[in-house]
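Have a look at the structure below, then the notes.
The values are calculated or read from the model by the stated rules, or taken from the named source; none is laboratory data. Predicted model, so just to flag it, every value in this text is computed and none were measured. Positions of Cβ are backbone-derived with ideal geometry, glycine not excepted, and every protein chain shown enters the neighbour counts. The area values use the complete protein model at the heavy-atom level, side chains included, leaving out ligands, DNA and RNA. Shrake-Rupley method; radii C 1.70, N 1.55, O 1.52, S 1.80 Å.
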Amino acid sequence: MASPPDTSKTIKLERYNSYIRRLQLTKLLHSSSKLLFRATILIALVLIIVFTLNHPPLSDISTTNPGGVGGSIHHHSLLSTSLFTSPFSVGGGSWEKQVRHSATPRRPNGFSVLVTGAGGFIGSHCSLALKKRGDGVLGLDNFNSYYDPSLKRSRQKLLQKHEVFIVEGDLNDNALLTKLFDVVPFTHVLHLAAQAGVRYAMQNPQSYVASNIAGFVNLLEVCKTVNPQPSIVWASSSSVYGLNTQVPFSEMDRTDQPASLYAATKKAGEEIAHTYNHIYGLALTGLRFFTVYGPWGRPDMAYFFFTKDMLQGKKIDVYQTQDEKEVARDFTYIDDVVKGCLGALDTAEKSTGSGGKKKGPAQLRVYNLGNTSPVPVGRLVSILENLLNTKAKKHVIKMPRNGDVPYTHANVSLAYKDFGYKPSTDLATGLRKFVKWYVSYYGIDTRVKKESKLFNQHLDESAA
C-alpha cells in the first residue's frame, strides 16, 4: 500500500506566504495611518489659518475701549492686515499713524471728529471747515458707485491736501469701526454717510436699509460701548415731512407719513436715535437738510444735471404737480449748511453713558437746516439759463409718483435760537458759485466758451 504524499512542505510554504501577506498588510496600514495623520494635521492647519485671517482675535479688539450705499462692502481683518500686509494697510503701524495724525486737533480744546461720508458732498465740505478751524478730522467712506466715484476721489484729494485722511470702509464693518475707536478717542461723530436719493429707492431698496438703518445701528452699537462715548450729530432729511401740508415745516409737525422709502429710512433713523439716547445715554442731534446745493455737489440733483444737459443741448424734464402747479424747493447753499453742522457740533452736550450703560439724561435734538425761501424749479432753470448763456429745452411734465414731494419750506427758528443758524445765500448767488466751479472742474469754459474771461465776466454780471 502506497504511503500518503508528504504535504508538510506545502503547508509550510502556505504559512510562510500568509505571514508575508500579513506583514505587507501591516506595513501598508502603518504607512496609510501616517499619511492620514499628516493629511489631517495639514488640513487642520489650513483651516486654522483661514479662520485666523477672517476673524480678528480678541487682542485686536479692545473690550474696554472699542469703537451706509447691503452688508460690509469692504471687510478688514485686523490680524491679517497687521501681520501679513504692509504697514500702510488697515491696522498697520503707518496706517495708525495716519489715522492719529488726521484726528488730532491743532487748537486748544479742539474736537476729534469722525466724519462718515467724508468723500460725499456735505461730508467733504464739513471736513474741510473743521480742519481749517483746528479740529482733528478723520473721514470714513466706502466710495460706492451710486454716482460717479471719480468725483468722490477728487474730493478725497482735496481733503488730502489739507491733511484730512479718509479711511476706505463700510459702516457695516464692525471690526473696522471698533479699530478706529480703539486708535482714536473721538469726542464727536458727524454721521453723514447714507444712501441718498428719493427716486433710486425704487430701483435698489435694499441699499437704503443696509446703509441708512443697518449702518446707523452698527455705528451706534460701537459708540454706545466706548469710553468716553462721543457726541453724535447725524444727517436726517427734510423728506421725513412727507405728505405734510402745513408750511413752513416745523420740527413739531407730524412726520409719520413718508412719501418714499428714503424718507422712511430717515424717519426710522430718528426713532433709532431716540432709542439709543434713552437706553444708552448717547447724545444725538439730527439735522433735517433741505435740498443742499453748491460746488462739489451731487450729480443726481436737479441743479447739477440741468446744468450738464443744458450745456449739451439736451432736453430737461421740469415737473409740475398733478394740478399743474409749479414744484418748489427750499434750496440751501452748502456754506450755510456747513455753518449749521458746525453749530450743532459746538452745542452738542457730552453723552452720559459708560460701559454701554446710561448714567443720566442725555441730549436729544432735531433741527431743520434750510434756506426759508422756497423757489419754483422754473426759476432755478431761468437763473441757469442766464448764467450759462443758453436757452433750456424744457419738457414740462406731471410729477411721477416716485416719492418726490411738490413743495418744501423750512422753519429754522429753533436752529437760530439754539446755535445762531441764519442762512444768508440766495439761489442766484449760490448757483453762480456752483456754475463757476462746474465749468472749471469739467473744463467747460475752455471747451464750450473759448473766451473764458468774457464767460466769467458774464457770470458776474448775471448774478449782480
Tally Lys and Arg at +1 and Asp and Glu at -1 over the other residues with C-beta under 9 Å from the C-beta of S102: what net charge comes out? +1
How big is the accessible area of I43 in square angstrom, nearest 10, if you roll a 1.4 angstrom probe over the protein chains? 100 Å²
Tell me, how many Å apart are the Cα centres for segment 331-351 and for segment 362-388? 16 Å
Put E168, E163, E385 in order of accessible area, largest first, 1.4 Å probe: what do you get? E163, E168, E385
Over segment 167-237, what is the mean sequence separation of C-alpha contacts under 8 Å (at least six apart), divided by residue count, expressed as relative contact order in percent? 50 percent
Along each principal axis, Cα extent of segment 89-218, largest first, Å: 47, 27, 26
Net charge of neighbours whose Cβ lies under 14 Å from the Cβ of Y280, counting Lys and Arg as +1 and Asp and Glu as -1: +4
If you count only protein heavy atoms and use a 1.4 Å probe, how large is the accessible surface of F165, to the nearest 10 Å²? 40 Å²
Cross-link pairs beyond the 24 Å C-alpha cut-off, checked among K131/K308; K97/K161; K161/K224; K308/K436; K131/K152: K131/K308; K161/K224
Subtract the Cα-Cα distance of K393 and R199 from 0.36 nm times their separation in residues, and report this length gain in nm to one decimal. 67.6 nm
Going by Cα centres, segment 396-419 and segment 181-247 are how many Å apart? 19 Å
So what's the net charge close to I316: Lys and Arg +1, Asp and Glu -1, counting the other residues with Cβ under 9 Å from its Cβ? +2
Can you compute the radius of gyration and Dmax for segment 289-427, using only the Cα atoms, both in Å? 19.0, 61
In what order, largest first, do F419, F216 sit by accessible area if the probe radius is 1.4 Å? F419, F216
Kirkwood Rh over alpha-carbon pairs of segment 209-341 plugged into Stokes-Einstein at 37 °C, 0.692 mPa s gives a D in µm²/s of 192 µm²/s
For T187, T321, write out the residues from largest to smallest accessible area, computed with a 1.4 angstrom probe and no ligands counted. T187, T321
Is the C-alpha gyration tensor of segment 148-202 telling us rounded, prolate or oblate? Criteria: a/c under 1.5 is rounded; beyond that, a/b larger than b/c is prolate, otherwise oblate. oblate
Ignoring everything but the protein chains, give the 1.4 Å probe accessible area of H101 in square angstrom, nearest 10. 80 Å²
Quotient of Cα Rg and 2.2 N^0.38 Å for segment 184-239, N being how many residues it contains: 1.30
